[in-house]
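The values are calculated or read from the model by the stated rules, or taken from the named source; none is laboratory data. Owing to the predicted nature of the structure, the values given are computational and were not obtained by experimental measurement. Methodologically, a virtual Cβ is constructed for each residue, glycine included, from the backbone with ideal geometry; neighbour enumeration extends over all protein chains shown.
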């Protein structure tokens, strides 16, 4: 692909990692947030040339079986509505919790600037706080995974993830 191609399109079109969503294409909405070397970046604003040699984590790699505490907490807190903005929010929250395992609501608001048309913001804060408690070993989440394809089907659909573990 052309080095000037936005990383978003390389992920979605060339790698079939469609969990990263196209929203505005201008870096405003946050639907395309991925973790690049420990930073929450909008993949529509990062070119392939800029991503070269860097480690990119998408929602698919965070947890292909939806078992990551953030994914479970989003379900438990009812912070998933239409789901379009969810991957970007979860990726931004993932970076936040790596840097700050005990964030305040103000920390969450500052780190997650994603736009959600469904307005899940209060539940978003709750989900991040729940996941933080789980990740610190203070709590557990009992939520059923959302309906969808099985982890095995997900791994089969994305060859880059097949059989790989962190």
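Screening the range 1-41 for residues that are closer than 24 Å to residue 81 by Cβ and without any contact (Cβ under 8 Å) to a residue 12 or more places away in the chain and picking the one that is farthest from the chain's Cα centre (by Cα) gives 12. Evaluate the range 57-78: report whether one residue or more is within 14 Å of the chain's Cα centre (by Cα), crowded, with 21+ Cβ neighbours inside 10 Å, farther than 18 Å from residue 132 by Cα and at pLDDT 95 or above. Yes, that holds for at least one residue. Among the residues of the range 92-128, those that are touching a residue at least 40 places away in the same chain (Cβ under 8 Å), buried (at least 17 other Cβ atoms within 10 Å of the Cβ) and not in a loop (DSSP other than H, G, I, E, B) comprise 92, 94, 95, 96, 111, 123, 124, 126, 127, 128.
Only one of the numbered conditions (1) surrounded by 20 or more Cβ atoms within 10 Å (Cβ to Cβ); (2) modelled with pLDDT under 95; (3) within 28 Å of residue 16 (Cα to Cα) is not met by residue 149, and that is (1). When the range 33-81 is filtered for residues that are part of a helix (DSSP H, G or I) and within 26 Å of residue 122 (Cα to Cα), the ones remaining, listed by number, are 59, 60, 62, 69, 70, 71, 72, 73, 74, 75, 76.
Every listed requirement among (1) assigned to a loop (DSSP other than H, G, I, E, B); (2) in contact with a helix residue (DSSP H, G or I) (Cβ under 9 Å, 6 or more places away or on another chain); (3) at pLDDT 95 or above is met by residue 88 save one, (1).
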